[in-house]
Amino acid sequence: MREYPIHVTGANSLKPARQPRSWRDLGALLLRWAVVIAWGFLPFPAAATAPQAAVPEIAFDFGNTTEDRPLTHTFVIKNTGAAPLVIEEVDPDCACTVPRYDQTIPPGGEGGITLTIKPFSVLHRFKKETKVRLNDPDQPRLVLTMTGVATPFIEIKPSHIVRLRGAQGDNIRGQVRFYSHLPAPFQITEYRTNIPDKIEVTLKREVPDKVYVLEVSPKGQVSGPFAGVIDLFTNSKERPRLIVRVFGEIYLPSAGGQ
């Protein structure tokens, strides 16, 4: 209880020298003290105790590369917050991308997400994206992107798939070219198929040591659907074996030649 000084005006007269001016003033004073006391027991705002991810780069370009090598890059993640940063999930858009990462990064610490694209998984200009989920309330998700241009050792055009479709007796054939980007001379030394009773196969050298042409056609009396592969073997240690897939659908001519 607050004590007030006593002012004496006479022998038998005692009264307080100062009193609160009103109950309103007293109520306001008590309210201010209540706020101060309550503030002392309130927790700090959530942002002050939360993790905070700082990612210097979210995209990386490998530039020009070759298809046979693994492509690896580590994305650095810093925790500038006051609580541990947890990498809850790393989800690449392709099974060919293998992730490794630091699951928990302490306050003030630094970790990383390492992504590796497996060999022979990309061709020409490519773009691979990986989604990351964090416990950062301000940045719960981010996307990491890897790009580049992968040159194949042996380029197959227009495709490694040949489709033979038409009527029996028609001039049906498919053609595939193999272009070598190898520095050394390239040769296809042997080929064989698992459907020799269905197709005719010829291989020609169009440009010595660089370009080969494969031609495929159905055998004369073949009809109905069929599927198989042509295996080609080369002198290249980088691509010792090539595969062409063949799909056929040969139907008999209609009566009357219609």
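Here, each number is a calculation from the coordinates, and none is a lab measurement. This structure is a prediction, so every number in the text was calculated from the model and none was measured. Ideal geometry is used to build each Cβ from the backbone, glycine not excepted, and the neighbour counts take in all protein chains shown.
First select every other residue whose beta carbon is under 15 angstrom from the beta carbon of Leu164; then total the charges, Lys and Arg +1, Asp and Glu -1.
Local charge sum for Leu164: +1.
Size of the dipole of the range 191-258 about the Cα centre, Lys and Arg at +1 and Asp and Glu at -1 on the beta carbon, nothing else charged, in debye to 20?
240 debye
In a shell of Cβ-Cβ distance under 11 Å around Pro152, excluding Pro152 itself, what net charge do Lys and Arg (+1) and Asp and Glu (-1) give?
Charge balance near Pro152 sits at -2.
Leaving out same-chain residues fewer than 8 places away, which aspartates and glutamates sit with a Cα under 19 Å from that of Lys210?
Qualifying aspartates and glutamates at Cα under 19 Å: Glu67, Asp68, Glu155, Glu190, Asp231, Glu238.
Need the list of aspartates and glutamates near Lys127 for cross-linking: C-alpha distance under 13 angstrom, and skip anything on the same chain fewer than eight residues off.
Asp61, Asp93
Just want the answer: with Cβ charges of +1 for Lys and Arg and -1 for Asp and Glu, which residue in Ile154, Gln139, Pro183 is farthest toward the dipole's positive end in the range 130-186?
Sorting the options by dipole projection puts first Ile154.
For Ala82, what charge total do you get from the other residues with a beta carbon under 15 Å from its beta carbon, if Lys and Arg give +1 and Asp and Glu give -1?
Its environment carries a net charge of -1.
Quick one: work out the % antiparallel among DSSP beta bridges in the range 54-158, nearest 5.
85 percent
Enumerate the lysines that Lys78 could reach by cross-link, defined here as Cα to Cα under 21 Å, with residues fewer than 8 away along the same chain left out.
Candidates past the 8-residue exclusion: Lys131.
Shape of the range 134-258 from its Cα gyration tensor (a ≥ b ≥ c, root eigenvalues): rounded if a/c is under 1.5, otherwise prolate when a/b > b/c, or oblate?
oblate
Going by Cα centres, the range 107-183 and the range 217-258 are how many Å apart?
26 Å
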